[in-house]
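Have a look at the structure below, then the notes.
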Amino acid sequence: MTQPLSSPAIPGDQAIEKYRIKKEPYYLSIKNEHALFETAHSAKLPVMLKGPTGCGKTRFVEAMAYKLGRPLVTVACHEDLSATDLVGRYLLEGDDTIWHDGPLTTAVRHGAICYLDEVVEARKDTIVLIHPLTDDRRILPVEKRGELLSAPDDFMLVISYNPGYQSVLKDLKQSTRQRFLSIEFDYPPAEAETQIVAREAGIDEAMARDLVKIGEKVRNLKGHGLEEGVSTRLLVYAAQLIARGVNPVAACEAAISSPITDDAELQRSIREIITTVI
């Protein structure tokens, strides 16, 4: 019968380098989010990012990880995400059973930023696991190894979620919410969004401005049959298609109207907006 090795397979300094952002991500600051995040990091406080899909939350975290010089360990949360997935597990390797850190343990051990994206998608018993990391204890119990990891000063826990998709079954408990500072995100103002779309896709500002105008008009349909407005991400996708020679109307249909709804009437309304602006 195999026995656990006394020395687990813990990622070393070289292994953690794969989580480091090598090139500075483009992020246009809208309010004071940079300063808030930096202050939270220096104060060793956890941060919650709230905002609609595709408004720049993940890009913001990447930009801050680069600016702070910290590795970024990102976890895309889902309903099957277990505590073991986050903390780690023993795996058979040949005749030996070797411990492998999960992403959260890796981040704690190496003082990285751990980003739990769309955290409300995770199981509630999994979310409870992060509680000891979000108060003055800043510890992570690794029960399967009988280990109690203390987070170094550089470690930071960041979570995000979209309040627009809140429900009784998928919402953060108050016991979790009140452990985090909160930074609110929304789609950028028109001029800023135009600058972002033009910069990300390499198109001229006039076309970027038209796409942003389409985006604003489509967002006005939210609550009139449309669950979610078109994201800045989708506007960038449309711009990237246009930059590669796709007809602007076809690009908008592929990147805007089709992804956000299957309703034929809504698609027709969005097409009218597109053809009116372009």
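A few remarks follow.
- Cα-based convex hull volume of region 55-111 per residue, rounded to whole Å³: 102 Å³
- D_trans [Stokes-Einstein, Kirkwood Rh over alpha-carbon pairs] for the chain, 20 °C, 1.002 mPa s, µm² s⁻¹: 103 µm²/s
- Charge dipole of the chain (Cα centre as origin; +1 on each Lys and Arg Cβ, -1 on each Asp and Glu Cβ, all else neutral): 420 debye, rounded to the nearest 20.
- Net charge over other residues, Cβ less than 12 angstrom from the Cβ of residue 21 (K, R count +1; D, E count -1): +4
- Region 105-146 and region 15-83 have Cα centres spaced 16 Å apart.
- Kirkwood's formula applied to the C-alpha pairs of region 44-142 gives a hydrodynamic radius of 14.7 angstrom.
- Only helices enter this figure: runs of n ≥ 4 DSSP H residues, each worth -39500 (n - 2.57), summed and divided by the residues of the chain, yield -10500 deg cm²/dmol at 222 nm to the nearest 500.
- Region 12-115: GluC sites (Glu not before Pro) in DSSP loop, at most 12 other beta carbons within 10 Å: 79
Each value in this text was obtained by applying a stated rule to the coordinates, not by laboratory testing. These numbers come from a predicted model, not from an experiment. Cβ atoms come from the backbone with ideal geometry, glycine included; neighbour counts cover every protein chain shown.
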